[in-house]
Structures are given as C-alpha cells and as structure tokens.
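Let me begin by presenting the structure, written as structure tokens, before commenting on it.
The values are calculated or read from the model by the stated rules, or taken from the named source; none is laboratory data. Please read all numbers here as calculations on a predicted model, not as lab measurements. Here the Cβ positions follow ideal geometry from the backbone for every residue, glycine too, while neighbour counts run over all protein chains shown.
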Amino acid sequence: MGNIKSPASVEAIEVKSRGVSDLLAAMGKTAYQGRTLAEAAEIWQAMLNEKNIAIVMGLAGSMSTAGQWKLVRWLIEQRFVDVLVSTGANVSEDIVEAMGYSYKQGTPHINDEDLLAADLNRYYDVYGKETDYREMEELLTGFMSGLPDGAVYSSMELLHLFGKWLGAKGINSILAAAARHGVPVFSPALFDSAFGEAYFMAKNRGRRIVVDQGREFDQFVGIGAGVGDVGVIYIGGGVPKDFTQLMAISLSPRFEDEAVPGRRGFERKSLKEFYYPHRYAIQITTDSPQWGGLSGCTLDEAVSWGKVSAQGRHVTCYCDATIALPILTHALAERVTQRRHIPDLNRLFNDPG
C-alpha cells in the first residue's frame with residue numbers, strides 16, 4: 001500500500017433485528033453517504049461529551065411542514081442543541097400543527113391552479129390550508145399587538161418572548177420549548193416568513209415592532225466568548241449557515257482584535273486578527289459545491305476562511321434532511337441518556353443588551 005496506512009475493511013450489512021443506533025454503526029462500515037451519516041452521529045455524540053462547548057444548529061428551508069419540527073423540539077428539550085439559528089418559516093409553520101391543525105400528504109403531480117382555488121398551499125408533496133396558515137398569522141399578530149408600540153428587539157429577544165407567550169397558552173412549539181429550556185433562537189431573516197405578514201397586521205393595529213439586526217449579531221457572536229469551543233450542525237444551508245459561520249471570525253472585530261481568554265484560536269498574521277474556528281461541524285445538504293453557493297460550500301472550504309478547524313472534526317453528508325435528521329436523532333436518543341455539561345446561556349435573556 002506504499003505510504004497509505006492500512007484501511008479498515010468494508011463490512012456488508014447483515015439483516016437482523018436491531019436498533020437505529022446499531023444500524024447506523026453498521027452503515028459506518030460501508031460507504032458513500034451511509035458512512036458519512038454514521039460519522040455525523042459520532043461527531044454529534046463527541047460534542048455532547050465535551051465539557052465546555054456550545055452546540056449551534058442552523059435550520060434552513062421549510063422542515064416544519066415536512067414533519068420534522070418535533071425532532072428539533074426534542075433536541076432542544078434534551079439540550080442536544082444549545083442555540084438554534086432558523087429560518088422564520090421553521091419557527092412559525094410548526095405552530096400550525098402545535099395549535100391542533102395539520103398538514104396533508106399530497107403530490108407534486110397536480111394542477112396547482114386547482115389547489116389555489118381550493119385554498120391549499122403546496123410544499124412540494126405536502127398541502128397546507130390557507131385558513132390554517134392565517135390562524136397562525138393571527139396568533140402571531142395577537143402576540144405582536146400586545147407589545148409596546150415602537151419597541152426594539154433582536155430576533156432572539158422577540159422569539160424568546162413569543163416562546164414564553166406560546167408556552168403560557170399551551171402551544172408546545174419549537175419556540176415554546178426553547179424558552180422553557182433556556183435555548184436562544186435567532187432568525188436573521190425573520191420577516192421572510194409569516195412574521196412579516198404579522199408585522200403588517202400588528203402595524204395596522206397601532207403596534208410597530210422594530211427588529212435590530214446589529215444588536216442581534218452582537219448577541220449571537222458574543223456567545224462564542226463565553227464558551228471554550230463551538231460545534232455546529234447545519235440542516236441545509238442558506239442564511240442560518242452563513243450567520244453561524246460568522247461567529248468564528250467576528251469575535252475579533254467585536255473585541256477590537258484582542259484575543260478572547262479561554263478560547264482556542266489563532267492569529268491571522270496578515271491582519272492581526274484572532275479567529276476561533278468551529279471545532280466540530282456537521283452539514284446535511286443536497287446542494288453541490290461547484291455552483292459556488294453557500295448551501296453547497298464544503299466544510300473543507302470553510303477551513304480556508306478560518307471558520308472550521310482543520311484540527312477538529314467535520315463531515316458533510318449529502319442527504320435529504322427528512323432522511324438524515326430522524327435517523328441521527330433516534331441514534332442519539334439510544335446512545336446518550338443525558339448530557340452532563342450544558343452551557344448556561346440565560347445571560348442573553350437576563351441582560352439582552
């Protein structure tokens with residue numbers, strides 16, 4: 001084999017009665033994306049065993065309509081995720097089901113004009129009633145209408161208040177669970193969702209809410225100064241991924257290019273800036289890197305930016321998230337009974353400024 005170290009043998013999977021964790025371990029001895037999915041589970045488990053780390057999940061797309069939101073809620077409840085960075089869609093469309101309504105299995109092979117006439121919105125092969133969506137928007141509007149006119153919030157502050165409000169009403173959504181368990185939720189493109197519609201409806205009722213993105217970025221990047229390491233899990237890409245990646249390089253300008261005590265990083269000599277690459281990184285995506293988009297950008301490429309550590313562990317699994325996320329979550333449920341070292345991020349809620 002020359003200079004190549006002796007690799008492990010591929011082991012064909014035997015059919016037998018077993019749990020998800022055991023099956024995933026067997027997949028790790030095969031090839032292609034089954035192998036990388038198994039590696040993703042191992043890396044996530046390694047993060048959970050660390051003593052001083054914040055685990056950030058970037059959640060893109062519209063996963064809640066696809067039956068994935070209770071998985072995210074469970075990960076928050078177990079504190080297998082410490083911070084959530086989400087599209088506005090994922091933390092609003094789950095509320096429809098949490099309110100007692102439902103999405104319906106459909107088909108992409110249909111006349112969409114007929115769906116429009118029937119007041120049905122299509123999410124690829126899922127249908128949602130426009131009337132149900134409007135009920136969710138009215139709920140959002142009711143919350144916003146109860147806030148002080150002209151009040152300024154970061155998305156994290158607004159979503160934390162909303163989560164507590166939902167919890168008090170018995171609507172056990174992602175945000176309600178996050179508020180209950182001290183998990184901050186950021187949505188840097190919040191109004192690109194039902195929140196935007198609710199903003200207008202609340203404004204028409206005399207309540208104008210301001211979301212301060214600068215304040216939000218300050219709060220988010222500051223999380224990286226209070227922990228020893230950061231691990232990231234990207235379900236898809238888009239804004240949640242890019243926003244989260246910036247934590248690794250934006251601590252330097254936030255602290256005027258001074259080193260952050262207790263953080264493992266390096267100084268970029270040409271700029272005299274300190275970077276703190278994410279020590280662990282998992283990416284689940286169906287996008288390809290050759291088109292140049294962030295959603296398909298490899299984690300290896302992120303090493304060149306100082307956003308992911310070359311000395312840490314990272315893996316990209318090219319897989320539909322509706323396949324990967326349920327398998328990963330159930331494997332973790334079987335492997336980890338309790339996370340012992342959980343960072344306390346309550347300072348963000350107690351002193352949000």
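With under 25 Å from residue 105 (Cβ atoms) and buried (at least 17 other Cβ atoms within 10 Å of the Cβ) as the only criterion, which of 209, 171 stands out?
Result of the check over 209, 171: 171.
Kindly list, by first and then second residue, each pair from a residue in segment 227-247 that is on the phi > 0 side of the Ramachandran plot and assigned to a helix (DSSP H, G or I) to a residue that is surrounded by fewer than 19 Cβ atoms within 10 Å (Cβ to Cβ) and modelled with pLDDT under 95, limited to pairs with Cβ atoms under 8 Å and residues at least 6 apart or on different chains.
Sorted first by the residue in segment 227-247, then by its partner, the pairs are 238/294.
Residues being in contact (Cβ under 8 Å) with a residue 24 or more places away in the chain and not in a helix (DSSP H, G or I): count how many of those fall in segment 76-101.
17
Does residue 222 meet the test of being farther than 30 Å from residue 45 by Cα, small (Gly, Ala, Ser), assigned to a helix (DSSP H, G or I) and under 23 Å from the mean Cα position of the chain (by Cα)?
So residue 222 fails the test.
Quick check on residue 38: is it within 28 Å of residue 229 (Cβ to Cβ), without any contact (Cβ under 8 Å) to a residue 60 or more places away in the chain and touching a Leu at 6+ places or on another chain (Cβ under 6 Å)?
When the stated conditions are applied, residue 38 passes them.
For segment 275-302, give me each residue that is assigned to a helix (DSSP H, G or I) and surrounded by fewer than 18 Cβ atoms within 10 Å (Cβ to Cβ).
Within segment 275-302, 289, 290, 291, 300, 301 meet the criteria.
Since residue 334 meets every condition but one in (1) more than 18 Å from the chain's Cα centre (by Cα); (2) at pLDDT 90 or above; (3) not in a helix (DSSP H, G or I), which condition does it not meet?
With (1) more than 18 Å from the chain's Cα centre (by Cα); (2) at pLDDT 90 or above; (3) not in a helix (DSSP H, G or I) applied to residue 334, the lone miss is (3).
Here's the yes/no breakdown for (1) of a type in the set (A, V, I, L, M); (2) modelled with pLDDT under 95:
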position	(1), (2)
45	no, no
51	no, yes
60	yes, no
64	no, no
67	no, no
77	no, no
80	no, no
134	no, no
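Quick check on residue 73: is it at negative phi and free of Cβ contacts under 8 Å to residues at least 12 places away in the same chain?
Criteria not met by residue 73.
For residue 12, are the conditions met, namely being among the hydrophobic types (A, V, I, L, M, F, W, C) and in contact with a Cys (Cβ under 6 Å, 6 or more places away or on another chain)?
No.
From the list 153, 199, pick out the single residue that is surrounded by 18 or more Cβ atoms within 10 Å (Cβ to Cβ), over 24 Å from residue 76 (Cα atoms) and among the aromatic types (Phe, Trp, Tyr).
Exactly one residue qualifies, and that residue is 199.
Being free of Cβ contacts under 8 Å to residues at least 40 places away in the same chain and basic (Lys, Arg) is the filter; apply it to segment 265-307 and report the residue that is nearest to residue 56 (Cα to Cα).
268
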